[in-house]
Amino acid sequence: MSEPERILRLKSVLARTGLSRSTLYRKIAAGTFPRQIRISIYGTGWHQSAVEQWIADPVNYRDEGGAA
C-alpha cells in the first residue's frame with residue numbers, strides 16, 4: 001500500500017527550503033514555487049511531493065496551475 005500524501009504547513013516548508021516567508025510568497029506569485037492548498041477555512045499547506053520536487057530542482061521549477 002502506498003503512503004498517503006502529506007501536507008506540510010508553513011513552518012515546515014520554510015525549514016525544509018531555507019527560504020524566508022517573504023521570499024516564499026514572492027516565488028509563489030512568480031510561479032516558481034508550488035502554490036499552497038486550502039486545508040480548512042483559515043489553514044493552508046503544501047503537498048510534500050511538490051515541495052520535494054522544488055527542492056530537487058529549484059532553478060527549473062515552474063508551477064503548472066495548482067489550486068489555492
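The values are calculated or read from the model by the stated rules, or taken from the named source; none is laboratory data. Because the structure is predicted, anything quoted here is derived from the model rather than measured. Positions of Cβ are backbone-derived with ideal geometry, glycine not excepted, and every protein chain shown enters the neighbour counts. Side chains included, ligands, DNA and RNA excluded: accessible areas come from the protein's heavy atoms. Shrake-Rupley method; radii C 1.70, N 1.55, O 1.52, S 1.80 Å.
Values computed for the structure shown
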quantity	calculated
Magnitude of the charge dipole, the chain, Cβ model with Lys/Arg +1 and Asp/Glu -1, debye to 20	380
Derived scalar couplings ³J(HN,Hα) [the stretch 25-41; Karplus, 6.51 cos²θ - 1.76 cosθ + 1.60; whole Hz; x for Gly, Pro]	5, 5, 5, 4, 4, 7, x, 10, 8, x, 6, 6, 10, 7, 10, 7, 4
GLU52, GLU64, reordered so the largest accessible area comes first (probe 1.4 Å)	GLU64, GLU52
Sorted largest first, extent of the chain alpha carbons per principal axis (Å)	32, 29, 24
Charge dipole (the chain, unit charges on Cβ, about Cα centre) - positive-most of THR23, HIS47, PRO34	THR23
Loop chymotrypsin sites (Phe, Trp or Tyr not before Pro), the stretch 31-62 (other Cβ atoms within 10 Å of the site Cβ: 14 or fewer; DSSP)	TYR42
222 nm mean residue ellipticity, helices alone, for the chain (DSSP H n ≥ 4; -39,500 (n - 2.57); rounded to 500)	-11000 deg cm²/dmol
Sparsely packed trypsin sites (Lys or Arg not before Pro) within the chain, loop by DSSP, other Cβ within 10 Å at most 11	ARG62
